[in-house]
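Working notes, beginning with the structure itself.
The values are calculated or read from the model by the stated rules, or taken from the named source; none is laboratory data. This one's a predicted model, so the numbers in the text were calculated from it and none came from an experiment. Quick reminder, even Gly has a Cβ in these numbers, built from the backbone with ideal geometry, and neighbours come from all protein chains shown. These accessible areas exclude ligands, DNA and RNA; they are computed on the full protein's heavy atoms, side chains included. Shrake-Rupley method; radii C 1.70, N 1.55, O 1.52, S 1.80 Å.
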Amino acid sequence: MVDPAPAIVLRPKTPTNFSVDAAILQELGERLIGQPEIALAELIKNSYDADASTCTVTFRGDSIEVSDDGHGMSTEEFHRYWMRVGTTHKRDDGRSRELSRPLTGSKGVGRLAVQFLATGMWIETIAKENQKAELIALADWTKIVRGTELSSVEILWDERTAQTRFPGDSKHGTRIILTQLKDTWDAPRIQRLGEYLWTLRSPFRRRGTTKGPRSATNFDIEVIAPEIEDAQSAFDKTLDTLFNNWSARIRGRVDNGRKQGRASISVEFKPGYPEGAKAEKFHHSFTLPVKALGEHDIKPSCVNQVAFEILVFKNAGKQPGGVRVDDVRKYLQEHGNVGIYDAGFRLPYYGMANDWLDVAVDQAARLSISHLLPKELAVPDRYMLDLPDGRRLFGAVDINTAEERVAAEKRKASLGEYLELQAGRDRLHDNLAFLQLKRFVRFSLDFYATRYRLRASRRVEEERDKERASQKQVRALRVLEANQDKIPKGVYATVKREVEDALKTSEKEEESLDRRAALLAPLASAGMAALALNHEFARERRLLKRVVAALKSFAQELGEPKLASLAADLADANRRIESMQSLFSPLLSEQDKTAKEKLRVKPVVQGTIDSIKALMPGVDFDLRSVPADLRFPIGSLAEWNALLQNIFTNAWDAMLSADSHRIRISGGEGPRRREWLRISDSGIGLAVSLEESEKLFNPFERMSRVKSDQESIALGGQGLGLSIVRMIANRRNSEVRFVSPENGYSTTIEISWRG
Amino acid sequence: MRILLCDDESVQLERATTQIREGFNSAAVAVPEIVQLTGEPLKNAIETLFKNVTKSLNGDSVEKIIFDDHDMIIVDNNLSHVEITGARLTAEALAGYLRGFSSTPYVVSLNKNPDTDFDLRFLIGDYQSRADLAINTEHLSNGALWTGASAHADNAFCPSYWPRLRTAATRRKDQVAFVRENLDRPVLVSLKFPEFAIERLSRHAQGFLVGADSSAQTNDGTELDASLREVTFRQVFEKSGRSLPIKKDRAGLSAENANKPHADEIIARVVAGEVDSWMRRDVIGAQEVLVDIPHLLARLPILLGNQAAHLDRWNAVLESPDPLSLLNAKLVNEQLIPNGFQLGSKWWTSPTFWWPPLEQNEELRRLMAAPELQIGDFVFCEDTSRFIVRVPEATLPAPQEFVTELEGGWSRRYAAVLQGRRYTPRSRFAA
């Protein structure tokens, strides 16, 4: 092993220490926090972490006051934790001291935040454990001078008899007053503050009439800013957006249920839920109580006055308003499900921790049909699979147990036949009235599930025609799977195998279709170019014809043979243009583009040869072996012409380097009335083996091996020719493939069809 | 002959004028007087025409216009430079009104189908045209267009359906006079169609006569026939929207209280044009009821007697001003003349004969079956109006068979398929 510093000898002297410049606090604040709203959010998070129920943030003049009813700090805690940079008094298990909230504040950043936000700070804090004493502290950051030791920075503090009151008149908590603010606070900044903190806030506090008991989820932040317009609504904006992002809203109500008052429910769907569906609202009214299927003898309604609203969220995909879907999920995970409010007081028992509507139970059992909905509301599909679980719901059921009791007593109802709070006041007695309330609310959820499925089914029907075969088959598989328990095992396995097999085939065909669709753009351009070119050709031909006639006339008048020769050359040029023009002629006639009969092969081939031969000089076409009565399947002249043109131009390219330039076209009928047309050329053969030749039909797959010096005389070369050939052939129920070359030829392509 | 040539572009107008002159020169016949109409005068003339249309429909007297008193009006289809409010003007939009509301009998439209030289469908050219003939400017220089003689053809191109434009005006005037005389008489009776001919009329041919007459269409065959036989020229006018597309206009002109002589003249002009097109396409064109000389020869070469093996003789008949004189005199006198369509000369350029009795004629059948008969294997080419060898020696181009869309058993025809000519739709060659 090599000694890293063999020559250095350490001499014993007095050890030295790192010293820390006082300005580090400022530097750290700027680097770690960056923005004032983040700094303030960190301070507020400290309140949440201190198990506060309420945190009040007051903006007034040049100060911000953050006050909470958390557990506060003892003098010891203040010195040990708050005054020590880089540490935290927060517990190692990441949970708050009393309510076991997940801790949110960043390590020790709160202290830096105060310096970042303001020049002065005043703290008042009373620890919950010792509510007689109050610690007060004062800091003036202006006295921190760069170059002095951090440890020399003085924070003035004292203890006094507890006198401060915190939010909700709490006797413990912490109040931090920041003075001489470094930034200006306005509504947009407060809105951004809200964006950082919304996930900590309890939704129940927004609707409940009381604050409710201290709990892990019961935390809210009040913003008081008389000098900033709309401060609270700016702060609430993200939470408001979240609650406006519902996809469906279920509302229910009954008044005078005990007097046979009609209960009504409505389900309102926003557009796009499910995807592609329009906004829609469904109503249903009935008399309570809700009967379970098969139930006959039941007592009259034991609930008198109930109103509820349940929001259904789509906690997947992009959320409107820029709220992160993960945050929505976490938020609903914590605050979701349907709660019950007794005279505005939320009964803590009914929340995410308690599946009081039995939704999770029924989902686990894969319940497919509601036990509560009458048959006329049911839809054929397994609609209950669309029942939303608590993590997608946020709802509240408003009751008033005191009034229920009065109404019950008027009707001389027995004990247990009205909604009644249990002694612990966190839940209702599990009696008949509660059962009826539960069924009423659950009925509305089941109703929602049927309407959702109805909308989804309608969309499927609307989309069915546009759907690809594979999509239909995937859906068929889903239906099959969903009904697996109703189908004999053997049948299920066989049908599944068959559908999967069909799916594979469809996917393959669709893939091929997609590849062919890629051809359309270049073909469309080519089509437009062809029409334009045809127009130009016609004009040029007319001009040439007149010039030729004039030249001939001059040549005759002047007896000038050179002029006559020039006229003959121009006449030849005109003929070549005419021949090229004929390439497009099938595109110009509507009838030639319309497939209505089985055209005779021989004239079609002959016509194509006539139109293309000017581009393929010196090629010997032999179509003597095409029977006169052989007919293509139903198709248009334009299609067959395009198919043959492409095959011929491929043959031309293949023959560029060959000694012989022959194309033979033959036709006939094979076994099982299979008719065929083969085109053979004497070119250099395929670039791949016959077995691999299938791939040549893929778009942009080039089959020719044209030498660079011959590129200018090659035809095509875009790699689209054979794809077009196959596209046309398939469209006309024909097959096209390369086969073993006919005798004397190097390549043979065959088109075959059922005669 | 006096031709009014209309085009909104003067360059094109000059070109067409030159082409017409070339056409007449190539046929070695006197060049007609060509009156050119373009620019503001064309615009004014069209406006006056439509004012006259309105006046005529209101029963008012009309003033003479520039479109009157020619033998033929030739109009370029693209009149988009004529600044008249409303839809872009075309020859097609004018043709029907020119036919009815000008005294010029014949209307030709130019360049409606610039990519077509020969239409293979109904052997009448563009059957949808409202004009009497729809051709292209370059066809004007073809002498055969004017004379019908293949000898005057530009590089052999002489469609059999071209109606010899030089005499078309005279023929049309005769037709108009005939229709005016028989306006309220049944068409088929006036034309002296025998019963066997009426029975052989194709559905298309019947449809033209019964037209929109719903009672005739909904009845069974017998009643349809009865109605068919009774349809008058005036009723044809009322039903056919080819020239005057607005039914109310037609009804007004045909009404009892119309300005009779003037209205009837308009009706006669329109109906003459309609019946002419019907005869050319549905009656003669199909060669099922009436057959003309070339198609008769192709079916009964025995008419050529001992000359039936000689191609020259076949073509000589077609070129002769008196074709019957070159045929077997006995057969002509005994078989053809008794079955001739007496009024044929008013409606077609060559003699025509009733085919059903000739087809059934035992004597002709017997002669055709005679073993000693020498007949050349020749076919009539509709694009050159000449017979050629069906299977020529290898070096010569062979005629191509095509299938028209005409009804009946004679829809398969031949074309020489000349280089440089555009035949549409080409799928008819492979049908």
Where does helix A:231-244 land angle-wise versus the long Cα axis of chain A, in degrees 0 to 90, nearest 10?
-> 50 degrees
Distance between the stretch A:192-255 and the stretch B:144-159 - C-alpha centres, whole angstrom = 94 Å
Within straight cross-link reach of A:Lys486, meaning Cα distance under 16 Å, which aspartates and glutamates are found once same-chain residues fewer than 8 apart are removed?
-> A:Asp381
Average Cα contact separation per residue, the stretch A:389-494, under 8 Å, 6 or more apart, as relative contact order % | 12 percent
Grab the DSSP H runs of chain B that are 4 residues or longer, score each as -39,500 (n - 2.57), total them, divide by all residues and round the 222 nm result to the nearest 500 deg cm²/dmol.
-> -11000 deg cm²/dmol
Considering only the other residues whose Cβ falls under 12 Å of the Cβ of B:Thr54, what net charge follows from Lys and Arg at +1 and Asp and Glu at -1?
-> -1
Write out the GluC sites (Glu not before Pro) in the stretch B:369-431 meeting two conditions: DSSP loop, and at most 12 other Cβ atoms within 10 Å of their Cβ.
-> B:Glu372, B:Glu393
Residue by residue, what Karplus-based ³J(HN,Hα) values in Hz, rounded to whole numbers, does the stretch A:388-405 have, using 6.51, -1.76 and 1.60 with θ = phi - 60° and x for Gly and Pro?
-> x, 7, x, 6, 10, 10, 9, x, 9, 10, 9, 10, 9, 4, 5, 5, 4, 5
Interatomic Cα distance distribution for the stretch B:150-201, bins of 10 angstrom, percent = 20, 29, 32, 17, 2
Once you mark the trypsin sites (Lys or Arg not before Pro) that are in a DSSP loop and have at most 14 other Cβ atoms within 10 Å, what is the longest gap between them in chain B?
-> B:193-389
Tell me which residues come under 5 Å, amide H to amide H, from A:Val303 once H is placed; ignore anything under 5 positions away on its chain.
-> none
Projected area, mean over directions - the stretch A:359-422, Cα convex hull, nm² = 6.9 nm²
Taking chymotrypsin sites (Phe, Trp or Tyr not before Pro) in a DSSP loop with at most 13 other Cβ atoms within 10 angstrom as exposed, one finds the longest site-free stretch of chain A at A:19-699
Residues whose placed amide H lies under 5 Å from that of A:Glu420, excluding near-sequence neighbours = A:His429
Alpha-carbon gyration tensor eigenvalues x 5, square-rooted, for the stretch A:561-661, Å = 28, 19, 12
Quick one: net charge of B:Thr404's neighbours, Cβ under 10 Å, K/R +1, D/E -1?
-> 0
Can you pull the semi-axes for the stretch B:295-396, root of five times each eigenvalue of the Cα gyration tensor, sorted largest first, whole Å?
-> 23, 18, 12
Rounded to the nearest 5, the percent of DSSP beta bridges in the protein assembly as shown running antiparallel is 75 percent
Which FRET efficiency value, to the nearest 0.05, is calculated for A:Asp709 and A:Ala526 with the Förster distance at 22 angstrom and r the Cβ-Cβ distance?
-> 0.25
At q = 0.13, 0.23, 0.25 Å⁻¹, what is the base-10 log of I(q)/I(0) for the stretch A:192-263 according to the Debye formula with one equal point scatterer per Cα and no solvent? Please give it to two decimals.
-> -0.57, -1.08, -1.17
Considering every residue in A:590-596, what mean count of other chain Cβ atoms within 10 Å of its Cβ is obtained?
-> 3
Trypsin sites (Lys or Arg not before Pro) restricted to the stretch A:327-366 and DSSP loop, no more than 12 other C-beta within 10 Å | A:Arg366
Percent of alpha carbon pairs in the stretch A:537-600 separated by more than 16 Å?
-> 57 percent
Helix A:36-49: inclination vs chain A longest Cα principal axis, degrees, rounded to 10, gives 60 degrees
Mean Kyte-Doolittle of at least 1.6 and a Cα length of 18 Å or more along the axis: which whole DSSP H helices of chain B meet both?
-> none
Approximate spin-label separation A:Tyr349-A:His296, in nm, with each point projected 7 Å along Cα-to-Cβ | 3.4 nm
Report in % the part of the accessible area of chain A that belongs to carbon and sulfur, leaving out ligands and nucleic acids; probe 1.4 Å.
-> 51 percent
If all Cα-Cα distances of the protein assembly as shown are sorted into 20 Å bins from 0 onward, what percent lands in each bin, rounded to whole numbers?
-> 9, 22, 20, 17, 18, 11, 3, 0
For the stretch A:257-384, what does the alpha-carbon gyration tensor say about shape, rounded, prolate or oblate, given a ≥ b ≥ c as the root eigenvalues, a/c under 1.5 as rounded, and a/b over b/c as prolate?
-> prolate
Integer Hz, Karplus 6.51/-1.76/1.60 couplings in order for the stretch B:118-129, x for Gly and Pro = 9, 8, 7, 7, 10, 6, 9, x, 7, 6, 8, 5
Do any of B:Lys192/B:Lys260; A:Lys211/A:Lys438; A:Lys508/A:Lys598; A:Lys237/A:Lys314; A:Lys291/A:Lys314; A:Lys375/A:Lys438 go past 23 Å between their Cα atoms, and which?
-> B:Lys192/B:Lys260; A:Lys211/A:Lys438; A:Lys508/A:Lys598; A:Lys291/A:Lys314
Using just the alpha carbons, could you tell me how many Å³ per residue the convex hull of the stretch A:148-205 encloses?
-> 194 Å³
For the stretch B:104-142, which residues drop by 50 square angstrom or more in accessible area between the chain on its own and all protein chains together (1.4 Å probe)?
-> B:Asp115
Solvent-accessible area per residue for the protein assembly as shown at a 1.4 Å probe radius, Å²?
-> 47 Å²
What is the interface area between chains B and A, defined as buried accessible area summed over both chains with a 1.4 Å probe, reported in Å² to the nearest 100?
-> 1700 Å²
How big is the shadow of the Cα convex hull of the stretch B:16-84, averaged over all directions, in nm²?
-> 5.8 nm²
Separation between Cα centres of the stretch A:14-63 and the stretch B:16-61, rounded to whole Å | 97 Å
Taking 1 over the mean of 1/r across every pair of different Cα atoms in chain B, what Kirkwood radius in Å do you get?
-> 22.7 Å
Please tell me the relative contact order of chain B in percent, rounded to the nearest whole number, where contacts are Cα pairs under 8 Å and at least six residues apart.
-> 16 percent
So what is the relative contact order of chain A, in percent, for Cα pairs below 8 Å that sit 6 or more residues apart?
-> 7 percent
Amide H within-cut-off set for A:Ala118, under 5 Å, with H built and near neighbours excluded = A:Lys182
Sparse-neighbour loop sites [trypsin sites (Lys or Arg not before Pro); the stretch A:559-641; at most 13 other C-beta within 10 Å; DSSP] | A:Lys596
Shape descriptor, the stretch A:177-333: equivalent ellipsoid semi-axes (Cα gyration tensor, sqrt 5λ, whole Å, largest first) stand at 39, 21, 14
Under 13 Å from the Cβ of B:Ala369, count the other residues' Cβ atoms, weight Lys and Arg +1, Asp and Glu -1, and hand me the total.
-> -1
Quick one: angle between helix A:601-612 and the longest Cα principal axis of chain A, in degrees between 0 and 90, rounded to 10, please.
-> 90 degrees
When the accessible area of the stretch B:107-156 is split by element with a 1.4 Å probe, what percent falls to carbon and sulfur?
-> 38 percent
What percent of all Cα-Cα pairs in the stretch B:220-351 falls in each 10 Å bin, counting up from 0?
-> 10, 30, 25, 18, 13, 3, 0
